[in-house]
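Each remark here refers to the structure printed beneath this line.
The values are calculated or read from the model by the stated rules, or taken from the named source; none is laboratory data. Since this is a predicted model, take the numbers as computed values, not measurements. Here the Cβ positions follow ideal geometry from the backbone for every residue, glycine too, while neighbour counts run over all protein chains shown. Accessible surface is based on the protein model in full, side chains and every heavy atom, while ligands, DNA and RNA are left aside. Shrake-Rupley method; radii C 1.70, N 1.55, O 1.52, S 1.80 Å.
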Amino acid sequence: MRVADRHFSAVRAGSPPSFRVFALLAVLALAVSGAVTAACAADKTQLRSWRAVTDFPRPPFHPTRRIVVRSADRFWKAWRDLRPGEEIDVRGVKFTGEAAFVNKRLPRWAEVHFEAGTKFLGYPTAQNYGAVFIKNDAHIRFYGGDVSDRASGGMAGTGITVHDSTHVLWWNFVVHDVGGEGVYLAGVTKPSTWLDFKGEVYDWGRNLAFDPNREKGTGIHGVNVDDSYYGVTHSRLAFYVHDGPTGAGMSIGGGRPTDGPQYNTIYLSCRNLTMAAKVQVAGNCIQFWGENDLHNTIEFLQARNLTGRPFDSNGIYPGQSLATNTVEYGRAAHTNLNPVLGQAEWGIPAHVRWDRRGGTVFHDISG
C-alpha cells in the first residue's frame, strides 16, 4: 500500500471535518515533499554525472618554489615576480575591485592555487567592470577561487573575463551573484587558444542595464564564448551552469568574419535556466550563433528544467554550416518550458529539443 493510501484509509467516515482536512493536508505535504525529494535527487545525480566525466587528471607539476601569501598586497607582488616552475598558494585573501592578471606570458608553466576562503568580490559600485580579468597570459594554471560581485550586491560586471590568452587553465572555481555574465572567453586582438576551464556558474545577469539586446536579459549568459573580434579555439570548456535568470547556459559564436569558435571540446551540465524569451531566445543549455562555428565537439551535455532547448542553433547566420560539429552524448528532461517553443517556428516542428538547423551531427542523445 502506498503512503497516501495508508493515510486515506485512516480517515474514517465518522471522523471530524477538521481531522479529515488535517489528513488531506498531510497527504498533500507528503506528495510535495516527495516531488521535491525526487527533484533534488535528480539534481544531485546530474551534478555527480558531470563531475565524473570532468574528473580530468591534473597535469603533473613539481614546483621549484612555493610562495604562500595571506594578503592581496603580498599576492600582487608574488604575481609580478612569478617565474616558470613556481607556485603561489593564496590563503584566505579577499580581493576587491578588478583582479587583473595581465601580460604574464611565461615560456613554461607556473601555478596559482586559490585555497579555501579566497574570494574575488568585484567593485563596490554597479559599474561594468568584472571581478577577474585575464589578458595576454600564457602558461598559467589557476585552481579554486570564489568569484562574485558581492561588493556591489551583485550589480557590477562579469565574473571572469579572458582576452587574448593561450595555455591558461583554471579549474574548480565558482562564479555567482554577478550583474553581468558569469564567464566571458574571447579574443580581442588575437584568438584565445588552448584554454582549459572547469567550474560552476550560477545566479548571473542581475543588472539588465549591461545587456545590449533589445529584449533585455537575452544577451547575458552564464558562459559567453567569442562574441568579439577573434575566436576561441582548441580549448576544453567544462561548466556546471545552474539557476540562471537570464540568457543561456552557454552562448557560443561570433558575428564577424574573423570571429568564431573552432576545435573546442565542451562538457556542459545545465539546470534551472528560467528566462522565457518572447522575441529572442533564452533558457537554452547551449546555443550556437553567428558564423565560423567549426569542428567543435560537445562530449557531454545534460539539461534539466529549462525554458529553452538543450541545444539551439536558431542564431546561425544564413549560409553557415554546423556540419563539422558533433554532440557525442546528450540527455534532457523538462526542457522547452517556454510556451513559445510549443509553436512551430522558423521551419522546424514544435517541441524540438535537439535543434538540427545548420547540420550538427548528433550521436547518443535522448530527451
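From Leu273, Leu237, grab the single residue that is open to solvent by less than 30 Å² (accessible area, probe 1.4 Å) and farther than 19 Å from Gly315 by Cα. Even if it seems obvious, please write down each step before you answer.
Details: Leu273 fails: farther than 19 Å from Gly315 by Cα.
Just a single option satisfies the conditions, and that option is Leu237.
Kindly list, by first and then second residue, each pair from a residue in segment 63-83 that is among the β-branched types (Val, Ile, Thr) to a residue that is in a loop (DSSP other than H, G, I, E, B) and at pLDDT 95 or above, limited to pairs with Cβ atoms under 9 Å and residues at least 6 apart or on different chains.
Thr64/Arg83; Thr64/Pro84; Thr64/Gly85; Ile67/Asp81; Ile67/Leu82; Val68/Arg91; Val69/Arg91; Val69/Val93
For every residue, the table says whether it meets (1) open to solvent by 30 Å² or more (accessible area, probe 1.4 Å); (2) more than 16 Å from Leu237 (Cβ to Cβ).
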residue: Ser269; (1), (2): no, no
residue: Gly290; (1), (2): no, yes
residue: Arg304; (1), (2): yes, yes
residue: Phe311; (1), (2): no, no
residue: Leu322; (1), (2): no, yes
residue: Thr335; (1), (2): no, yes
residue: Ser366; (1), (2): yes, yes
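Kindly indicate the residue of segment 132-156 that is of a type in the set (Ser, Thr, Tyr) and not in a strand (DSSP E or B) and also surrounded by the fewest Cβ atoms within 10 Å (Cβ to Cβ) among those meeting that condition.
Residues of segment 132-156 that are of a type in the set (Ser, Thr, Tyr), as a first pass: 143, 148, 152.
Within this subset, residues satisfying the condition of being not in a strand (DSSP E or B) are 148, 152.
On the way: Ser148: 21, Ser152: 23.
My answer is Ser148.
Please enumerate the residues belonging to segment 305-336 that are on the phi > 0 side of the Ramachandran plot and in a loop (DSSP other than H, G, I, E, B). I'd like the intermediate steps shown before the answer.
Here is the first cut: in segment 305-336, the residues on the phi > 0 side of the Ramachandran plot are 305, 319, 334, 336.
Gly319, His334, Asn336, listed by residue number.
Of these, Val27, Val36, Val32, Val53, which one is aliphatic (A, V, I, L, M) and at pLDDT 95 or above?
Answer to the check: Val53.
I'd like to know if segment 337-345 contains one or more residues that are among the charged types (D, E, K, R), at pLDDT below 95, assigned to a loop (DSSP other than H, G, I, E, B) and surrounded by 12 or more Cβ atoms within 10 Å (Cβ to Cβ).
First, the residues of segment 337-345 that are among the charged types (D, E, K, R): 345.
After this cut, where a residue has to be at pLDDT below 95 as well, the list is 345.
If we keep only those that are assigned to a loop (DSSP other than H, G, I, E, B) as well, we get none.
Looking for residues that are among the charged types (D, E, K, R), at pLDDT below 95, assigned to a loop (DSSP other than H, G, I, E, B) and surrounded by 12 or more Cβ atoms within 10 Å (Cβ to Cβ), one finds none in segment 337-345, hence no.
Note down all Cβ pairs under 6 Å where the first residue falls in segment 251-263 and is over 18 Å from Leu237 (Cα atoms) and of a type in the set (Gly, Ala, Ser), the second is surrounded by 15 or more Cβ atoms within 10 Å (Cβ to Cβ) and at pLDDT 95 or above, and they're at least six residues apart or on different chains.
That search, which allows pairs on different chains as well, returns Gly255/Gly290.
Which of the residues that make up segment 65-85 are over 16 Å from His139 (Cα atoms) and in a loop (DSSP other than H, G, I, E, B)?
Those that are over 16 Å from His139 (Cα atoms) and in a loop (DSSP other than H, G, I, E, B): Arg70, Ser71.
A quick yes/no check of all residues on (1) more than 18 Å from the chain's Cα centre (by Cα); (2) assigned to a loop (DSSP other than H, G, I, E, B); (3) surrounded by fewer than 18 Cβ atoms within 10 Å (Cβ to Cβ):
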{"residue": "Ala100", "(1), (2), (3)": "yes, no, yes"}
{"residue": "Gly130", "(1), (2), (3)": "no, yes, no"}
{"residue": "Thr158", "(1), (2), (3)": "no, yes, no"}
{"residue": "Val174", "(1), (2), (3)": "no, no, yes"}
